[in-house]
């Protein structure tokens, strides 16, 4: 399994209470900013991050933990390797109604 892990990656999940996309940070907490995420620099660190994610899921703080592979270090900041993750960071691709507004569906 260790061979299939990305060597440069961040741990991500969704916060159970808010549903926000979160990343594991160096200070041992979850952050919504990928720039504050702890970046693994090898498969051993990636395995440690995955173990931490599993423990956080078991404690019901987050759901859906997984590693996001990052582009090589020469890129500016942590940039996801896959388009899916870039889109995920951009937020919802559909407009979400403001709180308290009514939405109508065609019959």
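The values are calculated or read from the model by the stated rules, or taken from the named source; none is laboratory data. Given the structure is predicted, the values throughout are model-derived calculations rather than measurements. Glycine gets a Cβ as well: all are built from the backbone with ideal geometry, and neighbour counts include every protein chain shown.
Scan region 79-107 and report the pairs whose first residue is closer than 27 Å to residue 66 by Cβ and whose second residue is at pLDDT below 70, with Cβ atoms within less than 9 Å and a gap of 6+ or a chain change.
Close Cβ pairs satisfying both conditions: 87/93.
Looking at residue 23 and the list (1) out of contact with any helix residue (DSSP H, G or I) (no Cβ under 6 Å at 6 or more places or on another chain); (2) modelled with pLDDT of 90 or more, which single condition is not satisfied?
Residue 23 satisfies all of (1) out of contact with any helix residue (DSSP H, G or I) (no Cβ under 6 Å at 6 or more places or on another chain); (2) modelled with pLDDT of 90 or more except (1).
Which count do you get for residues in region 45-78 that are surrounded by fewer than 16 Cβ atoms within 10 Å (Cβ to Cβ), part of a helix (DSSP H, G or I) and in contact (Cβ under 8 Å) with a residue 12 or more places away in the chain?
Residues flagged as surrounded by fewer than 16 Cβ atoms within 10 Å (Cβ to Cβ), part of a helix (DSSP H, G or I) and in contact (Cβ under 8 Å) with a residue 12 or more places away in the chain within region 45-78 amount to 3.
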